[in-house]
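Here is the structure we will look at, set down as structure tokens.
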Amino acid sequence: VAIMARASQSGKDSTPYRALHVATDARGGTEMSGPTRDTQSSIQGMQKAFLPSHGPSHRYLLTAATSIVLVLCGTVAIVLTGQAEIVLKSSSKKVKVPHTGKWCAEDESFTKVTLKPVHDASIESLLPLHDLLGENQFEASEIIRVGDYYYVICDSSWAVLRLHRSLPIISEQNQMIGVPQVGFAPGESGFEAILHDDTTSTFYVVQESVLHEHRGTYQAMVTQLSMPPPSRTEEHLQQRLNYTVIETCPSEMTFEGTSKGFEGAISLRGKDGRLYILGLCEGNHCKEEEKGKDAGNGRVVVMTRKQATNEFGCVWATVATLEIPSSANFVDYSAITLHSVTQAVAITSQENSQVWIGKLEGGANGLFDPEKAKLTGDSVYDFPRNVNCDLQYCNIEGVEWISDGGEGTPQVLAAVSDKMKSKGKQKFTCKEKDQSIHLFAIP
């Protein structure tokens with residue numbers, strides 16, 4: 001929240017300006033230091049009365065003996081005499097990431113809300129050298145586990161990575177299926193989700209949002225694939241493995257551009273026998289720009305395949321839209337996973353470097369009813385900060401439950417990280433963990 005004001009001095013009052021330091025954290029708390037105790041008390045009283053109970057985009061007029069101008073631009077506030085109109089509105093600047101700085105050392109909840117790192121490995125270190133095919137960037141965007149293998153996709157590559165669950169280094173047990181630079185469409189893959197359907201033993205990959213030029217619309221593309229079996233016979237070692245494209249269908253859901261479409265997805269069979277795909281929108285309200293940054297308004301779109309008269313002959317039609325609880329107060333949403341036994345759901349945020357954990361109501365796989373579907377829960381955990389309580393897992397884009405669970409919530413998550421953003425868009429502390437696979441334990 002940016003706090004701005006318009007103030008005017010009145011009469012002959014010429015009280016000199018006084019500077020205050022103001023720092024507002026993501027939970028609405030405020031630290032401040034200033035020239036006088038009275039001034040500080042006045043500001044804290046004003047914030048207590050107005051800030052916690054009102055959202056952004058509201059106006060309030062304050063009249064006091066001493067008026068305040070708060071400008072979060074270099075976190076400096078000026079004290080003026082006169083009247084001040086306090087305007088709260090959403091800031092276009094990057095929101096401060098929660099639970100950084102002094103928080104790790106000072107907050108008693110640190111151990112209860114911070115995931116424990118179990119294992120990290122760069123994706124490049126897992127593949128045999130002859131399998132790299134000159135590829136040196138692995139902008140991982142999703143991970144799922146099927147049997148003894150993880151399947152990982154990258155939004156920059158057309159290949160699908162199959163990694164043994166033990167994550168052996170430079171191992172023949174790990175394979176690249178397909179050719180990274182060559183796919184079934186021009187340019188980069190744009191893969192943001194990979195799904196497995198037990199009923200048909202096939203996979204689906206979801207491209208985030210693609211421009212259809214003759215219609216002028218942006219839609220996700222859902223492609224059904226057949227994968228070669230995970231065998232390490234001499235025959236497989238001597239040939240390049242590839243997948244087979246069965247069908248590609250667009251989503252009925254349209255987006256505003258190519259950068260904020262479906263960032264993740266899960267699938268399950270309904271009680272009607274149909275396959276349902278639940279697509280996670282990256283932006284809040286499934287929007288881009290400022291609307292997409294309106295934290296705490298995540299959406300999951302429930303879709304099923306239907307025949308259509310378009311050039312593909314099919315479409316993934318929208319049947320419901322689920323609201324993610326506002327306890328997932330995230331600027332963006334980067335991945336989703338569903339535990340098949342417990343119905344536990346994990347949804348990650350790249351910008352917040354956090355994960356929300358709840359449940360999907362509406363029936364398990366084979367019994368799912370989209371009309372009764374609902375996301376519930378309020379648990380939020382931080383991805384581990386570094387020794388300075390700064391971000392290090394800055395680019396989490398894929399997540400998967402890997403423990404069997406039982407009666408309670410499963411306790412181990414696998415995740416993958418995209419490439420660190422360049423040109424100063426992210427801190428150097430983000431470099432070490434990028435383009436990697438991770439395992440985390442829930443405290």
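The values are calculated or read from the model by the stated rules, or taken from the named source; none is laboratory data. In this text the structure is predicted, and so the values were computed from the model without any measurement. Glycine gets a Cβ as well: all are built from the backbone with ideal geometry, and neighbour counts include every protein chain shown. Only protein heavy atoms, including side chains, enter the accessible area calculation; ligands, DNA and RNA are left aside. Shrake-Rupley method; radii C 1.70, N 1.55, O 1.52, S 1.80 Å.
For the peptides 374-383, 413-422, 392-401, the ranking by mean Cβ contacts within 10 Å, running from highest to lowest, is 392-401, 413-422, 374-383.
Classify the stretch 125-229 as rounded, prolate or oblate, taking a ≥ b ≥ c as the square roots of the eigenvalues of its Cα gyration tensor: rounded when a/c is under 1.5, otherwise prolate if a/b is larger than b/c and oblate if not. Oblate. When only Cα pairs below 8 angstrom with a gap of at least 6 residues are kept, the stretch 106-178 shows a relative contact order of 28 percent. Going by a ≥ b ≥ c, the root eigenvalues of the Cα gyration tensor, does the stretch 102-441 fall in the rounded group (a/c under 1.5), the prolate group (a/b larger than b/c) or the oblate group? Cα axes put the stretch 102-441 in the rounded bin. Going by accessible surface with a 1.4 Å probe and the largest first, Asp294, Asp197 read Asp294, Asp197.
Nothing charged except the Cβ atoms of Lys and Arg (+1) and of Asp and Glu (-1): what's the magnitude of the dipole of the stretch 102-441 about its Cα centre? Round to the nearest 20 debye.
Charge dipole, the stretch 102-441, about its Cα centre: 180 debye, nearest 20.
Our analysis of the stretch 328-443 gives Rg over Rh at 1.01, with the two radii drawn from alpha carbon positions and Rh computed by the Kirkwood formula. Taking the radius of gyration and the Kirkwood hydrodynamic radius from Cα positions alone, what is the Rg/Rh ratio for the stretch 219-347, to two decimal places? With Rg and the Kirkwood Rh in hand, the quotient comes to 1.05. In terms of its alpha-carbon gyration tensor, the stretch 169-220 comes out oblate; a/c meets the 1.5 threshold, while b/c is at least as large as a/b. Computed with a 1.4 Å probe on the full set of protein chains, the accessible area for His438 sits at about 0 Å².
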